[in-house]
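Enquirer: Structure provided below as structure tokens; questions to follow.
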Amino acid sequence: MTGSDVTRDGMEGAHPGRDALTGASTGRRRRRRGRGEQAMVPDAEFSSYYGKPILNKPTWRPLDIAGYLYLGGLAGASSLLAAGGQVTGRPGLARVAKLGAAGAISMSLAALVHDLGRPARFLNMLRIFKPTSPMNLGSWLLASYAPLTVAAAAADVAGRHRIVGAAATAGAAALGPAVATYTAVLLADTAVPSWHEGHREMPFVFAGSGATAAAGLALACAPFRQTGPARRLAVLGAGLELGAFQLMKRRMGLAAEPYEKGKPHWQLRSAEVLTAGGAVLATYAGRPGHTGGRARLLAASAGAALLAGSAALRFGVFHAGVASAEDPKYTVVPQRERLTSRARSDGD
Amino acid sequence: MTDDTDASAATPGRSEDPVRGSALFGPQPDVAGEAGYTDAPARVGFFTDTSVCIGCKACEVACKEWNAIPEDGLELTGMSYDNTQGLGASTWRHVAFIEQRKPLGGQEPGVGHEDIDVFAAAGNLGTSPSSPGPGATAPEPGSAPAGAPAGEISPVAPDGRTELRWLMSSDVCKHCTHAGCLDVCPTGSLFRTEFGTVVVQEDICNGCGYCVPACPYGVIDQRRGDGRAWKCTLCYDRLGVGMEPACAKACPTDSIQFGPLDELRERAAARVAQLHAAGVTDARLYGEDPQDGVGGDGAFFLLLDEPEVYGLPPDPVVTTRDLPAMWRHAAAAAASLAAMAVLSFVRRPR
């Protein structure tokens, strides 16, 4: 049924115009901005296929993979505290750090396997050695590191096989820094704009974040008198994490925007506040005037803040990356700019 | 067997040879040889000429049928005639459908028919040679129909709207020269075939999902409920017995052309020149250049607009190009973490 007829005098009862404009829905998607968000730069003009994302977003579950990043950092840096505590005669610190490393790396392995589509095929990761795959190298790293942490913790708790325990502690400390930082390469070696564009600075962010988490665990659980190194590590780690993150965001261009919007934004703000606050509290707790229960309470709250801050950072980074893959803007605009500048330099 | 080829393909840090390129980036004329094959057949691929695509989706159907791919969602998008939306684990061919308020190159838009008396024209049917009767199939050569609006062609329709055009394009895995998915696969499930294509071995894949964000084109994905990653195999099983892939076989307009990559590139260059000569200045090739960020695609396209209009990245770069730099920075970061720990312990205990 149509509403119009063709007569000798022309069209009668014709519809005044098309309701839907052809092609009007292509191109830029209009989105409402949430409260409290301000545009740092004007919205870039770009074309897209009905606003559909170009990339397929990561299928990783946030709790599994962000948790895996967090626990890997906690374990890796804890192994350093464990070795340091053992060498400098701080058995309480060493024990907490060893147990923390073994527990965290076991949980992170469990998270990794849980996230696999076919968990029973986990060992397929070890059927080849492939340096172009950070996940393959990471699997080899974890396969060597996790048994060392477990051996170190078991020897410490049992109080036997001291030499084996010391060797395992040393081995874990040697691999620990790599365990804490390789996860940054794992994220950066993808086409996800907000991860890939940070490939220079993210390892340093993760190194700092791992250090604050390990320091936090030690502050919360180790005997207060032995936590001096943990307090200093908290301050150093917080400095590295916050500094490298600011540098990363400044250098990434448009890909930094997902870190400033929505859920990742408040997660990363909380991470900043908790990490900086934890580091300040840790320093305050270590002042000579504080002893006994008050100092322990301060140290425990500093530790909890640092642990929470490190976790919030990993979740924020994870979600920002997913957000950058979901919006074609972050894929198209930088690539288009690259093409334009290349064409311009070719033209000169 | 495949382990060896994977490992050799994966060796980074090979010196950058201007002719052969490196293992991670740059032109690579012999992908199969680089992957460890000797006496490999010529590299094959697709040339998808979107200027003749009619959006029939026979390729989508043929692909699903041949590869026994499960259903991928039965939703109506409302955005266009495209309800497939994009490539994924269960969608290995995707016909994009774009409706634009823009004339096709060489098209004469806005031809007005308002002043034609259709009843008079109907009365003349069969009486003049320019209006043949119902039995005739074509007008006399060289004779304009009576009342044709000669000289009234304008770029804008009478009500001020520009005309519209439909662009259709059948998207597929690009089978990159430097494939991000293949580089990052931790199990060796993804491998380079002797034909230079990239294929997932489903009996190896453990569903880690790393290939999904590594693909700069958003092609490969993890299948829900199955857990493993899936994508176009360029019909590896058919290639093995000398048959062309199902989509190319089914394409009724030869928009999807299959063949040795060198031959396809020549054919594509000729087609672009032909279209430019015909006034379709929008025509351009996408993904055929071995100098691009992925070393050239095994499946490349002739497009009639910017790539992003079709949902393709304008300048994709394989993520592993920067992998050596990433490992260097991670090593430096690991060293600074160790240094911070040492620094924390240097003071004597209180």
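The values are calculated or read from the model by the stated rules, or taken from the named source; none is laboratory data. For clarity, every value in this text was computed on a predicted model and none was experimentally measured. Cβ atoms come from the backbone with ideal geometry, glycine included; neighbour counts cover every protein chain shown.
Enquirer: Kindly check whether there is at least one residue in the range B:302-311 that is in contact (Cβ under 8 Å) with a residue 24 or more places away in the chain, at the interface with chain A (Cβ under 7 Å from one of its Cβ atoms) and not in a helix (DSSP H, G or I).
Expert: Yes: the range B:302-311 contains one or more residues that are in contact (Cβ under 8 Å) with a residue 24 or more places away in the chain, at the interface with chain A (Cβ under 7 Å from one of its Cβ atoms) and not in a helix (DSSP H, G or I).
Enquirer: Right, next: Name the residue, out of A:272, A:337, that is out of contact with any strand residue (DSSP E or B) (no Cβ under 6 Å at 6 or more places or on another chain), buried (at least 17 other Cβ atoms within 10 Å of the Cβ) and either within 16 Å of residue A:205 (Cα to Cα) or within 14 Å of chain B (Cβ to nearest Cβ) (or both). Outline the logic, then answer.
Expert: On the way: A:337 fails: buried (at least 17 other Cβ atoms within 10 Å of the Cβ).
Testing whether each residue is out of contact with any strand residue (DSSP E or B) (no Cβ under 6 Å at 6 or more places or on another chain), buried (at least 17 other Cβ atoms within 10 Å of the Cβ) and either within 16 Å of residue A:205 (Cα to Cα) or within 14 Å of chain B (Cβ to nearest Cβ) (or both) leaves just A:272.
Enquirer: For the subset of the range B:194-249 comprising residues that are among the basic types (Lys, Arg) and more than 19 Å from the chain's Cα centre (by Cα), which member is farthest from the other protein chains (Cβ to nearest Cβ)?
Expert: So the first thing to find is which residues in the range B:194-249 are among the basic types (Lys, Arg), and the list is B:223-224, B:228, B:231, B:238, B:249.
Then keep just the ones that are more than 19 Å from the chain's Cα centre (by Cα); that gives B:223-224, B:228, B:238.
On the way: B:223: 8, B:224: 9, B:228: 5, B:238: 25 Å.
For the range B:194-249, the residue satisfying everything is B:238.
Enquirer: Given the residues A:121, A:127, which is the only one that is crowded, with 21+ Cβ neighbours inside 10 Å, more than 19 Å from the chain's Cα centre (by Cα) and more than 21 Å from residue A:167 (Cα to Cα)?
Expert: A:121
Enquirer: Taking the conditions exactly as written (among the β-branched types (Val, Ile, Thr), under 30 Å from residue A:332 (Cβ atoms) and part of a helix (DSSP H, G or I)), does residue A:65 satisfy them or not?
Expert: yes
Enquirer: Can you find even one residue in the range A:152-162 that is within 24 Å of the chain's Cα centre (by Cα) and modelled with pLDDT of 95 or more?
Expert: no
Enquirer: Inside the range B:17-40, can you point out the residues that are surrounded by 12 or more Cβ atoms within 10 Å (Cβ to Cβ), modelled with pLDDT under 85 and more than 18 Å from residue B:185 (Cβ to Cβ)?
Expert: Step one: list which residues in the range B:17-40 are surrounded by 12 or more Cβ atoms within 10 Å (Cβ to Cβ), which gives B:20-37, B:40.
In the following step, the residues that additionally are modelled with pLDDT under 85 were identified as B:20-23.
B:20, B:21, B:22, listed by residue number.
Enquirer: For the range A:173-197, how many residues meet the condition of being more than 7 Å from chain B (Cβ to nearest Cβ) and closer than 21 Å to residue A:131 by Cβ? Steps first, answer last, please.
Expert: First, the residues of the range A:173-197 that are more than 7 Å from chain B (Cβ to nearest Cβ): A:173-176, A:179, A:183, A:186-187, A:193-195, A:197.
Then keep just the ones that are closer than 21 Å to residue A:131 by Cβ; that gives A:174-176, A:179, A:183, A:186-187, A:195.
Here the count works out to 8.
Enquirer: Let me ask something additional. Could you figure out which of (1) more than 9 Å from every other protein chain (Cβ to nearest Cβ); (2) part of a helix (DSSP H, G or I) isn't true of residue A:233?
Expert: Condition not satisfied by residue A:233: (1).
Enquirer: Further question: What do you reckon, is residue A:225 surrounded by fewer than 24 Cβ atoms within 10 Å (Cβ to Cβ), at negative phi and part of a helix (DSSP H, G or I)?
Expert: Judged against the criteria, residue A:225 is a match.
Enquirer: Within the bounds of the range B:164-182, is there any residue that is in a loop (DSSP other than H, G, I, E, B), at pLDDT below 95, within 23 Å of residue B:50 (Cβ to Cβ) and within 9 Å of another protein chain (Cβ to nearest Cβ)?
Expert: Checked against the condition, which is being in a loop (DSSP other than H, G, I, E, B), at pLDDT below 95, within 23 Å of residue B:50 (Cβ to Cβ) and within 9 Å of another protein chain (Cβ to nearest Cβ), the range B:164-182 yields at least one hit.
Enquirer: On to the next question. Can you tell which of A:253, A:289 is out of contact with any helix residue (DSSP H, G or I) (no Cβ under 6 Å at 6 or more places or on another chain), over 28 Å from residue A:101 (Cβ atoms) and not in a helix (DSSP H, G or I)?
Expert: A:289
Enquirer: Another one. Among B:318, B:342, B:346, which is buried (at least 23 other Cβ atoms within 10 Å of the Cβ) and more than 7 Å from chain A (Cβ to nearest Cβ)? I'd like the intermediate steps shown before the answer.
Expert: Details: B:342 fails: buried (at least 23 other Cβ atoms within 10 Å of the Cβ); B:346 fails: buried (at least 23 other Cβ atoms within 10 Å of the Cβ).
Testing whether each residue is buried (at least 23 other Cβ atoms within 10 Å of the Cβ) and more than 7 Å from chain A (Cβ to nearest Cβ) leaves just B:318.
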